[in-house]
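A.B. asks: Here it is, the structure, as structure tokens.
The values are calculated or read from the model by the stated rules, or taken from the named source; none is laboratory data. The model shown is predicted, which means the values in this text are computed figures rather than measured ones. Heads up, the Cβs are rebuilt from the backbone with ideal geometry, glycines too, and the neighbour counts pull from every protein chain shown. Calculation scope for accessible area: heavy atoms of the full protein, side chains included, ligands and nucleic acids excluded. Shrake-Rupley method; radii C 1.70, N 1.55, O 1.52, S 1.80 Å.
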Amino acid sequence: MNLFQTPPQTIADTQQALKAGTLSCRELLEQCFRKIDAEEDVIHAWAYLDRESAFQQADELDAEIQRGVWRGPLHGIPVGIKDIIDVKGMPTRAGLESRDETPASQDARLVANLRLEGAVFPGKTVTTQLASFDPPPTRNPWNKAHTPGGSSSGSAAAVAAGMCLAAVGTQTGGSIIRPAAYCGVAGLKPTFGMVDRNGVILLSDHLDHVGPIAQTVVDLVIMLDCMTDQATYLPLLVEPVIEPPRIGWLSGFFSARAEPEMQQALTMASDELNAAGAPIRECPLPSEFDSILEEHLSLMQYEMLHQLGEDYEQNREHYGPAISDVLEAGRGVSQERYQACLDYQNTISQIMRRCFARSEILISPATFGAAPDTTTTGNPGMNAPWSLTGFPTITIPVAVSETGLPLGIQITGHPDKFDDLLKAAQWCENVLRPGYLEQIKQG
């Protein structure tokens, strides 16, 4: 499916049209609902839609523009919200039939922030069951026989299909970066703790992140600024970034696991970045990194059982096989083993800071390869290390596989130097995106 017969609609470009009066909030929402009406029966990106409320929001925002009121960067922008996050007036089902369908009485903190900045909410996007591993009904817009990834399946698919201009996802293992990469859009897992989780169904206190999915790095930053109370990162990207970043190429763990086509895409991207002026050095991983997936898994199993165990016991028949396996495995993680995982998390997070001694960013594959079929949501192994360390990560699409599916790279930053990551990711996107879009147009 050629999604880019015309360039994808970005928040930044749409802002200009709304301000210029060449587009209204209602017209923009109508465009998105036309995409939903045309594709939703096949893609299944939405768990809940509220057309009436969304158009009421759009009309109110149009009236505010007529009065000279501009709420913020998301004024009139349709945004999807993953269905483990509360939106006032909409149920939070979390992909689980046994969940109470009573509408939420208030917005999650991040949703309230988005609303204040003018976001319009068409509805809730599909999540895998309780943001775990059981495949969702959602399909990849590029090829309906393939997964969009998980657990932020609907968020990534809806943005890729043009059903909304941005969406919110969550990540415990790889649930923002992987689906964004599979669907050919941009995704941001911020530094751990950057986005408030109040009003979000919690799976793991030490792993859960909330972040945006959108078309470009600038759009991701607009979303992040609006999701948080204190962030003001957009001014960093107002002027094009000229200075090439110093890049560390992560070898070993990541290269050994990537499929050949993904390795080729990363090599091609690295060559382009280097030719554009970015010095790239191989960055060996410390030996302590070898057990990171095992430690992440044990920590996740223990904390998910702690969070969901009571409901699981009461409604076990409604839980899918994959999430049931995770919760059952959590019974085998002792308190001592759990504490060892937390100690490892702290240790590896400190050790990995050394990788930035000569680099502003680290690059690696965003996924093992292109999106697999719909019997799985794909392997989160490329992303789980950054969920455990809490380091901020951005994915951008860079190539198309031989089967016509997008491939993305993962750009990781120092947890205390988030500004460097944003500027470097924008620079990388400026270098790589034109060739990626051209590759798509050529089929």
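A.B. asks: Considering only the range 364-389, state which residues are part of a strand (DSSP E or B), within 18 Å of Asp290 (Cα to Cα) and not polar (S, T, N, Q).
C.D. replies: Step one: list which residues in the range 364-389 are part of a strand (DSSP E or B), which gives 364-365, 373.
With the extra rule that they be within 18 Å of Asp290 (Cα to Cα), the set shrinks to 364-365.
Residue satisfying the conditions is Pro365 alone.
A.B. asks: Please go through the range 31-49 and pick out each residue that is in contact with a Gly (Cβ under 6 Å, 6 or more places away or on another chain) and either assigned to a strand (DSSP E or B) or open to solvent by 40 Å² or more (accessible area, probe 1.4 Å) (or both).
C.D. replies: Step one: list which residues in the range 31-49 are in contact with a Gly (Cβ under 6 Å, 6 or more places away or on another chain), which gives 35, 45-46, 48-49.
Once the filter is applied, which keeps residues that are in contact with a Gly (Cβ under 6 Å, 6 or more places away or on another chain) and either assigned to a strand (DSSP E or B) or open to solvent by 40 Å² or more (accessible area, probe 1.4 Å) (or both), the range 31-49 yields Lys35, Trp46, Tyr48, Leu49.
A.B. asks: Does at least one position in the range 429-439 carry a residue that is in contact with a His (Cβ under 8 Å, 6 or more places away or on another chain), open to solvent by less than 20 Å² (accessible area, probe 1.4 Å) and either assigned to a helix (DSSP H, G or I) or not small (Gly, Ala, Ser) (or both)?
C.D. replies: So far as the range 429-439 goes, no, none of its residues is in contact with a His (Cβ under 8 Å, 6 or more places away or on another chain), open to solvent by less than 20 Å² (accessible area, probe 1.4 Å) and either assigned to a helix (DSSP H, G or I) or not small (Gly, Ala, Ser) (or both).
Conditions tested, residue by residue: (1) farther than 16 Å from Trp386 by Cβ; (2) buried (at least 21 other Cβ atoms within 10 Å of the Cβ).
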site	(1), (2)
Gly320	yes, no
Ile323	yes, yes
Glu336	yes, no
Ile351	no, no
Phe356	no, yes
Ile361	no, yes
Ser364	no, yes
Ala370	yes, yes
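Yes or no, residue by residue, for (1) in contact with a Pro (Cβ under 7 Å, 6 or more places away or on another chain); (2) among the hydrophobic types (A, V, I, L, M, F, W, C):
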residue: Gly277; (1), (2): yes, no
residue: Pro284; (1), (2): no, no
residue: Leu293; (1), (2): no, yes
residue: Glu303; (1), (2): no, no
residue: Asp311; (1), (2): no, no
residue: Ala322; (1), (2): no, yes
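A.B. asks: Also, I was wondering about something else. Can you say whether Thr267 is surrounded by fewer than 20 Cβ atoms within 10 Å (Cβ to Cβ), part of a helix (DSSP H, G or I) and among the β-branched types (Val, Ile, Thr), as far as the supplied structure shows? Please lay out each step first, then the result.
C.D. replies: Numbers: surrounded by fewer than 20 Cβ atoms within 10 Å (Cβ to Cβ): yes; part of a helix (DSSP H, G or I): yes; among the β-branched types (Val, Ile, Thr): yes.
Yes: the conditions hold for Thr267.
A.B. asks: Could you tell me whether any residue of the range 288-297 is part of a loop (DSSP other than H, G, I, E, B) and either farther than 17 Å from Met382 by Cβ or modelled with pLDDT of 95 or more (or both)?
C.D. replies: Going residue by residue through the range 288-297, those that are part of a loop (DSSP other than H, G, I, E, B) are none.
Within the range 288-297, none of the residues are part of a loop (DSSP other than H, G, I, E, B) and either farther than 17 Å from Met382 by Cβ or modelled with pLDDT of 95 or more (or both).
A.B. asks: Among the residues of the range 14-30, is any open to solvent by 30 Å² or more (accessible area, probe 1.4 Å), farther than 27 Å from Gln442 by Cβ, in contact with a strand residue (DSSP E or B) (Cβ under 6 Å, 6 or more places away or on another chain) and of a type outside the set (Val, Ile, Thr)?
C.D. replies: No; the residues of the range 14-30 include none that is open to solvent by 30 Å² or more (accessible area, probe 1.4 Å), farther than 27 Å from Gln442 by Cβ, in contact with a strand residue (DSSP E or B) (Cβ under 6 Å, 6 or more places away or on another chain) and of a type outside the set (Val, Ile, Thr).
A.B. asks: Counting only residues that are closer than 19 Å to Ala108 by Cβ and touching a Lys or Arg at 6+ places or on another chain (Cβ under 9 Å), give me the strands (runs of 3 or more DSSP E) lying completely in the range 158-234 with at least 3 of them.
C.D. replies: Filter on the range 158-234 gives 166-171, 209-214.
A.B. asks: Can you name the residue in the range 180-238 that is more than 20 Å from Arg71 (Cβ to Cβ) and modelled with pLDDT under 95 and is also surrounded by the fewest Cβ atoms within 10 Å (Cβ to Cβ) among such residues?
C.D. replies: Leu236
A.B. asks: Looking at the range 50-85, which of its residues are in contact with a strand residue (DSSP E or B) (Cβ under 8 Å, 6 or more places away or on another chain), within 24 Å of Val221 (Cβ to Cβ) and open to solvent by 10 Å² or more (accessible area, probe 1.4 Å)?
C.D. replies: If the condition is that a residue be in contact with a strand residue (DSSP E or B) (Cβ under 8 Å, 6 or more places away or on another chain), within 24 Å of Val221 (Cβ to Cβ) and open to solvent by 10 Å² or more (accessible area, probe 1.4 Å), then Gln57 is the only one that fits.
A.B. asks: Moving to a separate point now. Output the residues belonging to the range 108-125 that are in a loop (DSSP other than H, G, I, E, B) and open to solvent by 10 Å² or more (accessible area, probe 1.4 Å). It would help to see each step written out before you state the result.
C.D. replies: Taking the range 108-125 first, the residues in a loop (DSSP other than H, G, I, E, B) are 108, 117-119, 121-122.
Once the filter is applied, which keeps residues that are in a loop (DSSP other than H, G, I, E, B) and open to solvent by 10 Å² or more (accessible area, probe 1.4 Å), the range 108-125 yields only Glu117.
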